[in-house]
Each structure stands twice: as C-alpha cells, then as structure tokens.
Amino acid sequence: MLEILLTTAAGALSATLGVIVGGIVTQRAQDRHWLRDQQLDAYQELLSHYARFTMELRRAHGDQRGWDYDWSEWSAALLRSSLVAPADVAAEIDSFGRSIDSFLDQVARSHDPRLDPLSPEAFEQARRAPAQAQIRLVNAIRSSLSRDAKGLPVGIGG
C-alpha cells in the first residue's frame, strides 16, 4: 500500500513539476516572440520614416518647392526602436541617427529647395553616408533577428 502511495505521489509531483517547467518555458518563448514583434514594428517604423522624409526632401529639391515633415515622429521612432533593440543594434540606430542629422545639415538646413536647390548629383552625394549607415543598421537588425552573418551588401530603398 505504501509503495502505491509513494508511486502515486511521485507521479503527481512529476506531473506538477512538468507543468511548472512547461509554463516557464512557454512564458519565456512568448516573451521572446513579443519582443521580436515589437522590434520588427519599431524597426519598420524607423526605416519607413527615413524613406518618407528622404523622398520628400528629394522631391522638394527636384521641384524647387517647400517641404514639411513631423520631426517629432522621427524622434519617437528613433527612441522606440532603441528601447527594444539589443545593444549592438541600438549603437547602429544611434550612428544612423547621427548620419541623418549630418544629411539634414547638408540638404535641409543649409539649402532652401525653393531658392537654392541641390542638383540630383549633390543630393545623392549627401545621401551616401546615411545610405551606408542604413546598410549597417539593416544588417545589424537582420543579424540580431535571424543570426544572418552574411548581411546585405547594398541598401534597398531610401
């Protein structure tokens, strides 16, 4: 009788421990999936803003017209992406943001597209550093999300 009781208790304890361990493992997996989803959303938002304001500036210089952009959204996208990014990606986000600031000095703050538009060649020259920073950022993101060690050799969009 004692043997049956001990076997039953051991089985119940094993099942309980299995449920607890399974719950912990499941919770960790769900947390990782949630964080990955948050990262993807934040990175997509950041790169979308970059593509939008770059295109807006390009068109403004090409059409010799004014332009406007909600820079608070850009700042929020930088902050949001850095909040969910691992340290190496956050460092690339910072580098990307600094490169964009330099780009804005060259094409937006020092040149009024209505009065002093940049030529397409000059615009592309100013965009080279942000384009390189974008490639580094995208490759850091890809590496952190998928362990893609190869990375992309060229930027897409922007």
(request) Would you mind finding the one in 133, 122 that is at pLDDT 95 or above, assigned to a helix (DSSP H, G or I), in contact with an Asp or Glu (Cβ under 8 Å, 6 or more places away or on another chain) and hydrophobic (A, V, I, L, M, F, W, C)? (result) 133
(request) State yes or no: is residue 60 modelled with pLDDT of 95 or more, among the aliphatic types (A, V, I, L, M) and in contact with a Pro (Cβ under 8 Å, 6 or more places away or on another chain)? (result) yes
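For the stretch 48-65, which residues satisfy the criterion of being farther than 13 Å from residue 118 by Cα and small (Gly, Ala, Ser)? Spell out how you get there, then give the answer.
Looking only at the stretch 48-65, we keep the residues that are farther than 13 Å from residue 118 by Cα, and these are 48-56.
48, 51 - these are the residues of the stretch 48-65 that are farther than 13 Å from residue 118 by Cα and small (Gly, Ala, Ser).
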(message) Being among the small types (Gly, Ala, Ser), touching a residue at least 40 places away in the same chain (Cβ under 8 Å), part of a helix (DSSP H, G or I) and in contact with a Phe, Trp or Tyr (Cβ under 7 Å, 6 or more places away or on another chain): is that true of residue 60 here?
(response) yes
(request) Six or more apart or on different chains, Cβ under 8 Å: which pairs go from a residue in the stretch 129-158 that's over 25 Å from residue 102 (Cα atoms) to one that's outside any helix (DSSP H, G or I) and at pLDDT 95 or above? Could you list them? (result) 144/85; 144/86
(message) I'd like to verify a number: residues in the stretch 20-59 that are closer than 25 Å to residue 89 by Cβ and either hydroxyl-bearing (Ser, Thr, Tyr) or surrounded by fewer than 10 Cβ atoms within 10 Å (Cβ to Cβ) (or both), how many?
(response) 4
(request) All but one of (1) assigned to a loop (DSSP other than H, G, I, E, B); (2) farther than 29 Å from residue 60 by Cβ hold for residue 91, so report the exception by its number. (result) (1)
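The values are calculated or read from the model by the stated rules, or taken from the named source; none is laboratory data. This is a predicted model, so every value here is computed, not measured. Cβ: placed from backbone, ideal geometry, glycine included. Neighbour counts: every protein chain shown.
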